[in-house]
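Inspection log for the structure reproduced underneath, given as C-alpha cells.
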Amino acid sequence: EKCERSLNWAFGSIRRQRERERREAEEEAKLEKRRAEEREAMIEAEERKKEYEADFVKFGTQLQEKLASGSFASSVGEAAVDADGSVDAERVEEVSALIGAAVQSFVAAGPQGGNWSETLQLLKKISPSDKTVDILLIEARCHEKESNHRQAMSGAGKLIARASNKYDSWKNDDPKMMATTLGANAAMQLGLSENAISFYQNVLKFDPEQSRARKQYRGLKKVVKFLDKAEEQIQKGYNNAASGFVDDCLSAMRGLDVDSPLFRSRIQLKQCTILSGMGKHEEALANCDAAVELRSATNDDDSMVVSDDSRKEAHLIRAEALLLDMDYDEAVNDFREAFNLVPEDKESLQEKRELQHKLQEAQHQQKRWNGGEKDMRFNENTGFPDGRPPERDHAKILQLPIDLEHRTKDIKCAWLKKQFKALVRQYHPDKYKGNKKRAARKFKEVKEAKEIISDSWDC
C-alpha cells in the first residue's frame, strides 16, 4: 500500500509537471503570437505613415512650383478687396510677400517641409482672414511636428471649414483629406476620440461615397468602443477583462490612419499598467519598453518630434512597473530620466518636487535591496566588511505561499525545492525568450534567495 501511494504520488507529480509545462508553453506561444502581431502592426503603421508623409512631399512640391511661378498673389486677391469693390494692390503685394516668406521657410529644407518653429513665427504675421487653404495646412502641419496637438487639431478644423463644399469630391491626396487625417490623429493623441470621429463625419457629410473616410470612421468607432470598455473595467478593478479589451483595441487599430506609432505607444503604456497590476511583469515591461523606445527615438530626418511630456509619461509609467517587478536599479534610472525632462521654470516647480520625492523613495528602496552601504552600524569594525546586508523578501522572490512559515520542515523544504526548480527553469538564460537582462537578474536573485532560505530552514 505504501509503495502504491508512492507510485501514485510520483505519477501525479509527473502529470502536474507536464500540465505545468503545457500551460507555460501555451502562454509562451500566446505571448510570441502577440509580439509577432505587434511587430506586423508597427510595420503597417510605418507604411501608412510613409504614405501620409508622401502626400505632404507632393504638397510641398506643388508649393515650390507656385513659388517659382509667383502664383500666390492671385490667391490673396479677395482679401484685399475694399468696401467699394476696388482691389488694394499694395495690400495684395504685402500679403503675398508674407505668404511667400512663410512658404519659402516651410520648403527650404525640401518638399517634405521643415523649419517648423520659424515657419510658425512667420505665419503669426498673417491675419486669419488672409490665410489660404495652403497656409492653413502648413500651419497645422507645423503644429503637428512641434507636438502641439491641440493647435494642430484646431488648424485642421479651420482648413476643413474654409475648404468644404458639397459640390466638391474629397480625394485622398487633397489638402482637405490631409487635414482630416492630421486633425483626427491630433485629437486621438489628446484623448479626444469624439473629436477624431467628427473629422471623418464631416467628410462623409459632404461626400458620402468617400471610401477611405467611411472605413476610417467605422474603424475608429470600434477602437473608441474598446477603449471605453477597457477604461470602465480598469475603474472596476477588473484588470484581466481590461487587458482583453486593450488587445482588441490594438487589433482594431490595424489599417487605420490613427494607428500612428505614437498613438499605439499610448495603448501600450495603458496595457503595461494593467498587466503590471496583474503581476504579469514580463508582458507589462515588454509593452513599456516598446513605448519608451518609440518615444525616445530621434529621427535624423526630423520626421517625428516627441514632446518632453510624452517621453516623461513613458518613463514614469515604466518606473512604476519596474518597482512592482522589484527592479529598483532600472526604476531609479527611469525616475531620474523623467525628473530631467521637467522644465526648469516656476510653473513646473511643484511637479519637479513631486518627482524628486518619488526619485528619493526609489533610491531608498534601491539601497535597501542592494545593500553594501557602510555606516556606523554596518562596517568592518562591527563585523560587516561588505556593509549593510541586502534587505530582500526572499519568500516573495521565490513566490512561496505566505503561510508556509507555519508548516512543517518537510513541507517547507518541498515547496522551496519545487519553486526553485520552476523559477530556475523559467529564467534560465538559455531558455528565456524575453528580456535577457531581466532573466539574468531574476536567475541570480532566485539562486541567492534559495541559498539563504535553505540555510534558514536547514533544508
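The values are calculated or read from the model by the stated rules, or taken from the named source; none is laboratory data. Since the structure is predicted, the reported quantities are computational estimates derived from the model, not experimental observations. Reconstructed Cβ throughout: ideal geometry from the backbone, glycine too, with neighbour counts over all protein chains shown. Note: areas computed on protein heavy atoms with side chains; ligands, DNA, RNA excluded. Shrake-Rupley method; radii C 1.70, N 1.55, O 1.52, S 1.80 Å.
If only residues of the range 90-115 that are more than 17 Å from residue 68 (Cβ to Cβ) and more than 36 Å from the chain's Cα centre (by Cα) are counted, the one that is surrounded by the fewest Cβ atoms within 10 Å (Cβ to Cβ) is 90. Listed conditions (1) surrounded by fewer than 17 Cβ atoms within 10 Å (Cβ to Cβ); (2) in contact (Cβ under 8 Å) with a residue 24 or more places away in the chain are all met by residue 293, apart from (2).
Quick check on the range 396-416: of everything there that is modelled with pLDDT of 85 or more and among the basic types (Lys, Arg), which residue is nearest to the chain's Cα centre (by Cα)? Only one residue fits best here, namely 396. Considering only the range 272-281, I want to know if a residue exists there that is without any contact (Cβ under 8 Å) to a residue 60 or more places away in the chain, open to solvent by 20 Å² or more (accessible area, probe 1.4 Å), assigned to a helix (DSSP H, G or I) and within 23 Å of residue 44 (Cα to Cα). No, the range 272-281 contains no residue that is without any contact (Cβ under 8 Å) to a residue 60 or more places away in the chain, open to solvent by 20 Å² or more (accessible area, probe 1.4 Å), assigned to a helix (DSSP H, G or I) and within 23 Å of residue 44 (Cα to Cα). Condition first: of a type in the set (Lys, Arg), surrounded by 12 or more Cβ atoms within 10 Å (Cβ to Cβ) and free of Cβ contacts under 8 Å to residues at least 24 places away in the same chain. Can you find one or more residues in the range 390-403 that meet it? Within the range 390-403, not a single residue is of a type in the set (Lys, Arg), surrounded by 12 or more Cβ atoms within 10 Å (Cβ to Cβ) and free of Cβ contacts under 8 Å to residues at least 24 places away in the same chain.
Just one of (1) at pLDDT 90 or above; (2) within 20 Å of residue 195 (Cβ to Cβ) fails for residue 138. It is (2).
Within the range 220-268, the residues that satisfy the criterion of being open to solvent by 30 Å² or more (accessible area, probe 1.4 Å), under 24 Å from residue 39 (Cα atoms) and among the aliphatic types (A, V, I, L, M) are 227, 241. From the list 369, 415, the one residue that fits, being in a helix (DSSP H, G or I), out of contact with any His (no Cβ under 8 Å at 6 or more places or on another chain) and touching a residue at least 24 places away in the same chain (Cβ under 8 Å), is 369.
In this structure, is residue 332 part of a helix (DSSP H, G or I), without any contact (Cβ under 8 Å) to a residue 40 or more places away in the chain and buried (at least 16 other Cβ atoms within 10 Å of the Cβ)? Yes. Screening the candidates 421, 442, 433 for the property of being of a type in the set (Lys, Arg) and touching a residue at least 24 places away in the same chain (Cβ under 8 Å) yields one hit, 433.
The set of residues from the range 29-57 being surrounded by fewer than 14 Cβ atoms within 10 Å (Cβ to Cβ) and either over 30 Å from residue 212 (Cβ atoms) or charged (D, E, K, R) (or both) comprises 29, 30, 32, 33, 39, 40, 46, 47, 50, 51. Taking residues in the range 167-184 that are on the phi < 0 side of the Ramachandran plot, and partners anywhere that are open to solvent by 40 Å² or more (accessible area, probe 1.4 Å) and part of a loop (DSSP other than H, G, I, E, B), the pairs with Cβ atoms closer than 7 Å and at least 6 places apart or on different chains are 177/171.
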